[in-house]
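The values are calculated or read from the model by the stated rules, or taken from the named source; none is laboratory data. Worth saying up front: this structure is predicted, and the values here are computed from it rather than measured. Methodologically, a virtual Cβ is constructed for each residue, glycine included, from the backbone with ideal geometry; neighbour enumeration extends over all protein chains shown.
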Ligand SMILES: *Cc1c(COP(=O)(O)O)cnc(C)c1O
C-alpha cells in the first residue's frame, strides 16, 4: 500500500464577544471544583465535552463555530453564563478568612509549597495518585481561605502512564504527550521574553521553561526542560512523572528543588515559609543555603536560617516512597552545582545520612533542613517519629519534633453536584461551614427518602459509567458484548438496588487489594446470594516497575472473568480523577485493607464519606481517627509482631464477618419504602461526622496555625540583621556538639520514697557540663503515674530544676517536686541542651538521663 502523509490542521473557532470570558474560565483551575463552569462547556456540546475528557482549553479549540454562535445568542445559556461568572468574580473578590490573617499577614508573609506532582483534575495529568491529589487539594483550599501562597512543581509532557488491562489481565502502560497549549497554563514572560531558569548539571547547564497555572487566588509555577537550549536528552528530563532511572529521578529533583527556588527568586517573590511536601523537593534546602551564603553567612548559619523557615511533610512509611541516592550518583549529579555554589560535598552529604549508611536519603535531608516536620495522620505521626528517630538519637521517639496533621480532601471537588444542590437547599451556607462540625448536624434533617434518592441516582450514574467503561475495555480486548452485559447485570437494575462495594487505589502490595479473596468459597456464598447479592468494583494502577502490584491486577481480573464470580467482581482500567469521582459517589461501601501501619493517611475514603458511602477499613491512617463506632465499619489490625500470613488471615476473617453478619443484613433490611433506614442512619452519621473533620480547609488551617505561622516568625527571627541569631545558634550548636560527649549528670543524696499528698520532695542533681554553662541546658524531672506508664510532657507532668550553684566544674540544680498524681508515681530526671533560639526544645537530639 502506498504510504500517505497526513498533515495536521486545526480550524480554531472564534469565541463570540458575549461569551468571551469562557477563555478566561478555561485558564483557571477554578473549573476543577466549580461545577457551574464545567456545566457551561457541557451545555454547549456534551459529546465533545466528554470526548475531550473535560478539558476546557481543548474544548474551546475543537468546538464548532456554530455551537458557540448559538450559545452566544441563547438567552437561557447567557443567563447561566452570567450567573457562573458572577460567582467566579465573587470568589476572586473574597477576602482571606480572619484566622488566616491572624496567623499570616498577607502583606508580609508568603507560603511556598513544593511538590513533585499536582492532581487538580483529569484534564491536567501531572499526577499519579494520592500525593498529587492531596497537593492539588491543598492549593485549592489555600485559595478558598485566601492564604498568601505560591506552589512550585514540574510540568511533565507525558505525565503518568495511561493504563489498559488486556484480555489476560496484564497491565499495559502507554504514554500520551500533551502539548502545553491544551493545558490550563501560560508561559511566564518577563520583560517581553519567556522566563527561563538554569541549573548547573554535570558538565553542562540545564535550562527550564517556566509556566504559570492559576488556581483561583493562587499561582502554581511549573518547570519543564523541553526547550532548544538543552540537548535532546535533557529535553526529555521532564517527560514522565516517576519515569526513567535513578539518574532521571535525581535530575528531576534538582530541577524541582534548585530550579524551583530560582523561579521564585526570578519572580521577585520572597517566601517567609517553605513547605517541602515529600522528599522529592528537598534539594531546595541547598539552593536556599547557597543564597544565604552569598549574603555572607557560613554554611551552618545559613542552614539554621533556612531550616527555621521550613516545614517538611513526610507521606509514607513504605521504603519505596523514600528516595535514596548512592554516594557516587550524588557526587556526579550535584558535583558541579555544589562546586559553583561553594557548598562542601561532605557537609551536604551528611545531611542525607541515615543510620550510618553511605547513601543519601532525601527524607533525612528534608528533616535536617527543616525545623518543623509532620506526618499525615495521628498513627502515621507516631510511625514517622520512630522511623526517622535517628535524627534525634537520644530523644525518645514519642517526644521528637515530628508532629502530624491528618490529610483532608477538597469538598467542592469531590462532592457530587447532586449532593451540593441538596445542601444548597438544606443549609445554604455549607460552603463556608466546612470547619464547623456542629453545623453539619443539618444532615440529620434531610428526609430519609430524599437522602436515599440522591444516593440512588448517583449509584445509577455510576452503573451507567461502569457499563460504558467495561464495554470499551472488552470491545478492545475482543471479549465481547455479552460479557459486559453479564458482568454489569446487577449494576443496571435500579429496582434491585444491589449492594456495591468499591476499592480503588494504587495497586501496591501493602494495600492488600486481594485480602477479601482469602476465603473464596465463603466470599462466593456472600456475593452471589440471590436475595442479597453484592458487587465489588475494583480499579487502580500499579507502577510499571512494580511486578507484584501488577500481579494483583491479574488475580482480580481472572476472578472477574471466572463464572463463579461473573457479575459480582468488576475490574475497571485507567483509574483517574474522573473515575474516582464517579466511583466514590456511586458506591454504598468503600473498602480499604492496608497492612497496618503502612497507610499513612489515605484520602479516598474521606471522599467516599462526604458522598454518603460507608467506609469498611482497617483502623489505619485517617480511619484511625475517623471511625466512631456509628459511621462505618472497622477492622482492628492484629499485632505487627505477629506473622504476616497470620495477620492477613485474621483480618480477612473480620472483613468477611462484617460483610456477612452486619453489612449485608443491614443493607437489605428494607421496609416498604424500599431502603434500609438503619443504613441511611449510618450513612448520615458518616457524612456529618467526616465531612467537617477530614476536608482540606480544616487541614490547611491546621497547617497555618501549627506550622506556617510559627515557621514564619521563626524564620524572620533567625534571618534578621543578616542572620545574626542564626549564626549565634549555629555556633552554640557546634559548641554543644563538642562538649556533649563529656557531659554527665548524677543525683545528689537520695530522693525520699514517700511524702504527704500536699508536700513536695526535694531533688538535687549535679552536672559536669564540660565547658557548657548552666544556661546552656535544662534539667527536668518527669512525673509519670505508675498505673498507665504514660505522662504528659506539659502541665503537671514535669518540673524544671533550677540552677543553684557551681564549683570545681560541678553544677548543682534543684527543685521541690510536688506529687502530680495520687498514690504511686515514677520520677525520672534528665538534662538536654537548650537555647532560646531553638524552634523545638529537643531539636538538638541530645539528652542525658539519670
Ligand atoms: C483520592 C485519590 C487517590 C488517593 O486515594 P488513597 O485512598 O489515598 O489511596 C488516588 N487516585 C485518585 C485518582 C484519587 O482521586
Inset, instruction - Considering only region 117-160, state which residues are within 15 Å of the ligand (Cβ to nearest atom) and assigned to a loop (DSSP other than H, G, I, E, B). - result: 117, 119, 120, 121, 122, 123, 124, 125, 127, 128, 129, 160
Legend entry - Residue among 632, 626, 621 that alone is within 15 Å of the ligand (Cβ to nearest atom), modelled with pLDDT of 95 or more and within 18 Å of residue 510 (Cα to Cα): 621
Inset, instruction - Scan 97, 111, 101 and give me the residue that is at pLDDT 95 or above, out of contact with any helix residue (DSSP H, G or I) (no Cβ under 8 Å at 6 or more places or on another chain) and away from the ligand (no atom under 15 Å from the Cβ). - result: 101
Inset, instruction - Mind listing just one residue for me: the one in region 533-551 that is exposed (fewer than 15 other Cβ atoms within 10 Å of the Cβ) and either touching a residue at least 24 places away in the same chain (Cβ under 8 Å) or part of a helix (DSSP H, G or I) (or both) and, of those, farthest from the ligand (Cβ to nearest atom)? - result: 547
Legend entry - Entirely in region 297-379, the helices (runs of 4 or more DSSP H) that have 3 or more residues that are over 29 Å from the mean Cα position of the chain (by Cα): 299-308, 327-341, 345-351
Legend entry - Pair list, Cβ under 9 Å, 6 or more apart: region 582-605 residue within 19 Å of residue 631 (Cα to Cα) and near the ligand (Cβ under 8 Å from one of its atoms), other residue modelled with pLDDT under 95 and part of a loop (DSSP other than H, G, I, E, B): 592/505; 602/505; 604/505
Inset, instruction - Could you check residue 244 against (1) in a helix (DSSP H, G or I); (2) at positive phi and say which number it fails? - result: (1)
Inset, instruction - Restricting attention to region 161-191, report how many residues are under 23 Å from the mean Cα position of the chain (by Cα) and assigned to a strand (DSSP E or B). - result: 2
Legend entry - Some residue of region 552-565 being within 14 Å of the ligand (Cβ to nearest atom) and without any contact (Cβ under 8 Å) to a residue 40 or more places away in the chain: no
Legend entry - Breaking point among (1) within 25 Å of residue 216 (Cα to Cα); (2) away from the ligand (no atom under 16 Å from the Cβ); (3) in a helix (DSSP H, G or I), for residue 453: (1)
